[in-house]
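This report concerns only the one structure given below.
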Amino acid sequence: MTSTLPTGLVEKVQARLADQRSEPTPAALAAAVRAESSALVSDAEMLRLLHVLQRELVGAGPLADLLADADTTDVVVNGPGDVRVDRGHGWETADVSFADEAAVQRLARRLATAADRRLDEAHPYVDARMADGTRLHAVLAPVAASGSCLSLRVLRPVRHTLAQLAAAGALPGVCTQLLPAVVAARLAFLVSGGTGSGKTTLLSALLTEVAADERLVVVEDAEELRPPHPHLVRLVARPPNIEGAGGVDLRQLVRQALRMRPDRLVVGEVRGAEVIELLAALNTGHDGGAGTLHANTVADVPARVEALAAAGGMERAAAQAQLSGAIQVVLHLRRHKGFRRVAEVGVLQRRDDGGVRVVPAVRDGVVVPPGGPMLRELLQARGVNPPW
């Protein structure tokens, strides 16, 4: 659905508002349109122009309605005529398009500026977080050979309970009783899976099971976790500004969190060198900590942690030693055709050669050896009755 504007009108109105240092209010836009139009503009045409200009110059423009949809998780622009949306069931073609390549670039630059980031010919890509938490990624043409591209990931605070997830089929078989037992036993765990598999949703639900007399300190790159817990402290990273200053990363925040006497330390998404601080914390008496991690399978988790730790300067042997003492359980999620579920539960085990592996304990809700008996012993050692 495209609404056209006279050639060059957007640029002329933008320039006039900039010269006047005016906000794009309806009155200011109407005055600018009249000043830049060579002919009389009827009331009906003025209303149409104001509507289209506001969509071009304010907020997310033509994508605003898609982003406002409560079911939307992602919106991408692959070019002026190719806009797609994911509402949890895969990509759908949206009934939205842009007038031309220039319109896509205007929106990309405006969103980047709103996020206090630079996007121009000298720096043709940006990765930023908007004020509302939406993740923005943009690449301008000609680097994006098929046309300037936008990717917007909508991050809404997740507030699901384990009971709700179980009712939706996300916790098959024994998982419905096992996951609360893991939390009650204060076992440290990682939630792994691919992008969009529901890692943050599950982690948030698990945090609702934490006892009310415990202090939760949550560290995140983007604000997503808001479990309804009475003693919750949330720390959110801050990207550097357009001059490259003022950034506060996850690694710094994990260090600060350790000084806040957390009963449980939680890192919303472990994706960098902050894994070193998290592993160190969980090896120094901070039981029951948690985080999420991108991984293809349960078995891939140790290698993923080692790679992230290596990026922070930690040697492989040290990373393995820290991991074996820090994490007891891995909960792995898989998404298939929009359906998310706990596919595997694994227990970490130290190998004879000093390495670490994840031993399967539950597959598709069914307890399996050799990890099943190991997980049972872990729960019993913490005074929690296993659900099998």
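Assorted remarks:
- Among the residues of segment 355-388, the one identified as of a type in the set (S, T, N, Q) and under 18 Å from T176 (Cβ atoms) is N385.
- Selection of segment 166-180 for residues being part of a helix (DSSP H, G or I) and buried (at least 21 other Cβ atoms within 10 Å of the Cβ) yields C175, L178, L179.
- Segment 307-327, subset out of contact with any helix residue (DSSP H, G or I) (no Cβ under 6 Å at 6 or more places or on another chain) and in a loop (DSSP other than H, G, I, E, B), residue farthest from A185 (Cα to Cα): G313
- Residue within segment 148-165 that is touching a Phe, Trp or Tyr at 6+ places or on another chain (Cβ under 7 Å) and either of a type in the set (F, W, Y) or part of a loop (DSSP other than H, G, I, E, B) (or both) present: no
- Test result for L67, at pLDDT below 80 and touching a Leu at 6+ places or on another chain (Cβ under 9 Å): no
- Any hit, segment 363-383, residues being surrounded by 14 or more Cβ atoms within 10 Å (Cβ to Cβ), under 21 Å from A303 (Cα atoms) and touching a residue at least 40 places away in the same chain (Cβ under 8 Å): no
- Any chance V275 is among the aliphatic types (A, V, I, L, M) and either under 24 Å from Q256 (Cα atoms) or crowded, with 23+ Cβ neighbours inside 10 Å (or both): yes
- Any hit, segment 362-371, residues being of a type in the set (G, A, S), part of a helix (DSSP H, G or I), more than 22 Å from A205 (Cβ to Cβ) and modelled with pLDDT under 90: no
- Which numbered condition L333 misses (of (1) touching a helix residue (DSSP H, G or I) at 6+ places or on another chain (Cβ under 7 Å); (2) farther than 30 Å from D74 by Cβ): (2)
- Test set (1) crowded, with 16+ Cβ neighbours inside 10 Å; (2) modelled with pLDDT of 90 or more; (3) in contact with a Lys or Arg (Cβ under 6 Å, 6 or more places away or on another chain); (4) not hydroxyl-bearing (S, T, Y) - V248 fails condition number: (1)
- Of the strands (runs of 3 or more DSSP E) contained entirely in segment 55-138, those carrying at least 3 residues that are touching a His at 6+ places or on another chain (Cβ under 8 Å) and not assigned by TED's automatic domain parsing to the domain that holds T200 fall at 125-129.
- Residue match in segment 285-306 (condition: in contact (Cβ under 8 Å) with a residue 40 or more places away in the chain, small (G, A, S), part of a strand (DSSP E or B) and within 19 Å of D249 (Cα to Cα)): yes
- Only one entry in T161, T113, T134 is under 19 Å from A64 (Cβ atoms), of a type in the set (V, I, T) and surrounded by fewer than 18 Cβ atoms within 10 Å (Cβ to Cβ), namely T113.
- Only a single criterion out of (1) under 18 Å from the mean Cα position of the chain (by Cα); (2) crowded, with 16+ Cβ neighbours inside 10 Å is not satisfied by N296, namely (2).
- Within segment 137-157, restricting attention to residues that are within 11 Å of P124 (Cα to Cα) and of a type in the set (A, V, I, L, M, F, W, C), the residue that is surrounded by the most Cβ atoms within 10 Å (Cβ to Cβ) is A138.
The values are calculated or read from the model by the stated rules, or taken from the named source; none is laboratory data. Note that the structure is a prediction, hence the values are computed from the model and not measured. As a convention, Cβ positions derive from the backbone with ideal geometry for all residues, glycine included, and neighbour counts pool all protein chains shown.
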